[in-house]
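This report refers to the structure that appears directly beneath it.
Every number here is computed from the coordinates shown, using simple stated rules; none is lab data. Since the model is a prediction, treat every value here as computed from it, not as a measurement. Here Cβ is always computed from backbone atoms with ideal geometry, including for glycine, and neighbour counts include all displayed protein chains.
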């Protein structure tokens, strides 16, 4: 597909996914920008369901950037242990708290540059926080689900999340950046699994180059 064909394909795919999934998620639960940053950072290599189980208690104890900055490393490790990579995540949360206190007055910045200055915050996390907490669509967040589905759909064969995000940002209108991420995640969980995707139940099978239905149709 050339870029114009891809634009039409993604437009149709998003239309179908919106119809197929009246409700998306579940995603990281949050009530303020700090909780969203922390929860999204903890979700790396971890399910959102598990993160929400952990943060239900974590957010009661740590309510400000200063709370994370002053946290005991060992104690915090135990509190987030089940999210995986707990040592590095605890270190990042403490570092994040310190940077927020020292550079941003304890508030989560509303710019991409500011968010990327926080330990443990990737482009994916920054894009999600900007979109959900501040209503700013700055880029397409590429997580493991998006990174798996996009090549199957023929939209990008980029080998890094950063490059894929850049390519996707040229295919979708900015207003759809967050929807694209959330609908692909929802679809990836429900249908397009890593192994044995349920192509027979997929609403995109006739427009997805990775499906047998698409291949058969285009061989005729």
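Assorted remarks:
- A simple packing score, the average count of other Cβ atoms within 10 Å per residue, orders the peptides 7-17, 144-154 as 144-154, 7-17, with the highest score first.
- Sorting 21, 177, 86 from the fewest to the most surrounding beta carbons within 10 angstrom yields 21, 86, 177.
- Efficiency of FRET between residue 174 and residue 206 - r from beta-carbon atoms, R0 35 angstrom, step 0.05: 0.80
- Full-stretch length increase - residue 110, residue 91 - with 0.36 nm per residue and alpha-carbon distance subtracted: 4.6 nm
- Two-site label geometry, residue 117 and residue 144: point separation in nm, points 7 Å out along Cα→Cβ: 3.2 nm
- Contact order normalised by residue count of region 33-134, Cα under 8 Å, 6+ apart, percent: 31 percent
- Look at 156, 169, 31 and count the other Cβ atoms within 10 Å of each Cβ; fewest to most, that gives 31, 169, 156.
- Taking each residue as 0.36 nm, the span from residue 64 to residue 47 lengthens on full extension beyond its C-alpha to C-alpha distance by 3.7 nm.
- Each label point was placed 7 Å from the Cα along the Cα-to-Cβ direction; for residue 23 and residue 195 their separation is 3.0 nm.
- Calculated [222 nm] ellipticity per residue, helices only, for the chain: -18000 deg cm²/dmol; basis is -39500 (n - 2.57) per DSSP H run with n ≥ 4, divided by all residues, nearest 500.
- Three-way shape call for region 33-134 based on the alpha-carbon gyration tensor, with the a/c threshold at 1.5: oblate
- The distance between label points at residue 56 and residue 5 comes to 4.9 nm (points 7 Å beyond Cα on the Cα→Cβ vector).
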